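S.K.: Below you'll find the structure I mean.
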Amino acid sequence: MYRIIERRMIVPNLHEFTVEAPEVVQAVQPGNFVIVRADELGERTPLSVADWDREANTVTSIFMQGGASTAKLARLKPGDSIPTYAGPLGNETEIANFGTVLCVAGCYGIGSIYPIARALKDAGNKVYTLLEARSSYLLYWEDRFEEVSERVIKVTRDGTAGYKGHISRLGEILTLEKIRPDRIIVNGCTFLMRKTSEVTQPLAIKTIVNMNPIMIDGTGMCGVCRLTVAGKMKFACVDGPDFDGHEVDWEEFLKRRQTYNPEEVHPLRKSGCAAHF
Ligand code: FES
């Protein structure tokens, strides 16, 4: 069993989740994920790692409460235990001195991109961070990003922080901020990753996205996480989760995600916990 050290709502619907996991923490790297189950009957849920403490043996993730499995996770309290915390899984994000790197993140991706930004800074890059949200009250960890970034840029749909609008303004924002990235890394929802990739393709800026489809075993055995990249079938769990955003078949990916949504949401409705749907 794995002991919960912290589980708190950090902004509406997003939870910070810290677990004591001595085997995982020794090997974890930026870009890895873990698979968790809240109880013996729970579904296996992939969570990207957002931070870790090798001395305290703890690993932290940020997850969004969006279905039955994450609703169970959201009810856990410090001191509770969970039966499954498997990892680290997936390939680590490529870290090298690329020059100037822009880290783009929203939602739970703000958490998972943090160790990537920190490692890129340590590798000698000039790191800029762009955080995107519906409104300023959905942003978090800005202080952490200030420490590892030349500048933290914010984009909010209601204009309550930074630029008003969403990520489709990225080209214009790069011009206004006078940033010419050698590489962009995006963590967050499918919309954010896809839109960023669409903006950067004509600008010929290498764009790495962190794909997090439904997963079951996380080891390449079940096939649930498959997607098409550069015309070839890939498994996000073992070939990714990072891929070139200009090579992902986004239409197919979205269709596959939608196929699973009803099964994920239905048990929650039955359990009477569907207040936010
Ligand atoms: Fe089963 Fe990737 S999660 S093959």
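Every read-out reported here was derived from the displayed coordinates using simple, explicitly stated rules and does not represent laboratory data. What you see is a predicted model; the values in this text were computed from it and never measured. Note that each Cβ is placed from the backbone with ideal geometry, even for glycine, and that neighbours are counted across all protein chains shown.
S.K.: Based on DSSP H runs of at least 4 residues, each adding -39500 (n - 2.57), what is the mean residue ellipticity at 222 nm of the chain after dividing by all its residues, to the nearest 500 deg cm²/dmol?
M.R.: Roughly -8000 deg cm²/dmol at 222 nm, from the helical runs in the chain.
S.K.: Compare Lys164, Lys232, Lys72 in a GNM of the chain, Cα atoms joined below 10 Å, and give the one with the largest fluctuation.
M.R.: Taking springs between Cα atoms under 10 Å, the residue moving most is Lys232.
S.K.: Now for a different question. Within region 1-40, what residues put their amide N at less than 12 Å from the label point 7 Å along the Cα-to-Cβ vector of Ala56?
M.R.: 5-7, 17-21
S.K.: Moving to a separate point now. At what distance in nm do the modelled label points of Ile10 and Gln29 sit from each other, each positioned 7 Å from its Cα along Cα→Cβ?
M.R.: The answer from the label model is 2.3 nm.
S.K.: Give the percent of DSSP beta bridges with both residues in the chain that are antiparallel, rounded to the nearest 5.
M.R.: 60 percent
S.K.: Around Gly79, with a cut-off of 14 angstrom between Cβ atoms, what is the net charge of the other residues, counting Lys and Arg +1 and Asp and Glu -1?
M.R.: Once all neighbours under 14 Å are counted, the net charge is +2.
S.K.: Next up: Tell me, how many Å apart are the Cα centres for region 96-115 and for region 166-198?
M.R.: With region 96-115 and region 166-198 each reduced to a Cα centre, they are spaced 11 Å.
S.K.: Relative contact order of the chain, please, whole-number percent, based on alpha carbon pairs below 8 angstrom and at least 6 residues apart. Before the final figure, lay out the partial values.
M.R.: Working: 612 pairs, mean separation 46.1, N = 277.
Dividing the mean separation by the residue count of the chain yields 17 percent.
S.K.: Here's a follow-up. For the Cα atoms of the chain, what angle does the longest principal axis make with the long axis of helix 190-200, in degrees from 0 to 90, nearest 10?
M.R.: On a 0 to 90 degree scale, this one is about 20.
S.K.: Measure nothing but the geometry: give the 0 to 90° angle between the long axis through the Cα atoms of 109-122 and the longest principal axis through the Cα atoms of the chain, rounded to 10°.
M.R.: The angle comes out near 60 degrees.
S.K.: Here's a follow-up. Extension gain Thr160-Glu147, at 0.36 nm per residue separation less the Cα-Cα distance, in nm?
M.R.: The span from Thr160 to Glu147 would gain 2.4 nm if fully extended.
S.K.: Of the DSSP beta bridges with both residues in region 150-245, give the percent that are antiparallel, rounding to the nearest 5.
M.R.: In region 150-245, DSSP labels about 55 percent of beta bridges as antiparallel.
S.K.: Can I ask one more? Roughly what angle does helix 250-270 make with the longest principal axis of the chain, taking Cα atoms, 0 to 90 degrees, to the nearest 10?
M.R.: Between the helix axis and the principal axis of the chain, the angle is about 30 degrees.
S.K.: Here's another thing I want to ask about it. Using 0.36 nm per residue, how much length does the chain from Leu203 to Lys77 gain when fully extended, once their Cα-Cα distance is taken away?
M.R.: Length gained between Leu203 and Lys77: 40.8 nm.
S.K.: A follow-up question, please. Counting DSSP beta bridges with both partners in region 37-132, what percentage is antiparallel, nearest 5? Write out the running numbers ahead of the final one.
M.R.: Details: 5 of 12 bridges.
Counting only bridges with both partners in region 37-132, antiparallel ones make up about 40 percent.
S.K.: Now a separate question. Work out, step by step, the length gained on full extension between Thr100 and Glu40: first 0.36 nm times the residue separation, then minus their alpha carbon distance; give nm to one decimal.
M.R.: 17.1 nm
S.K.: Hey, which aspartates and glutamates would be in cross-link range of Lys164, C-alpha to C-alpha under 16 Å, not counting anything within fewer than 8 residues on its own chain?
M.R.: Glu132, Glu172, Glu177
S.K.: Can you check what the net charge comes to around Gly245, using other residues whose Cβ is under 13 Å from the Cβ of Gly245 (Lys, Arg +1; Asp, Glu -1)?
M.R.: -1
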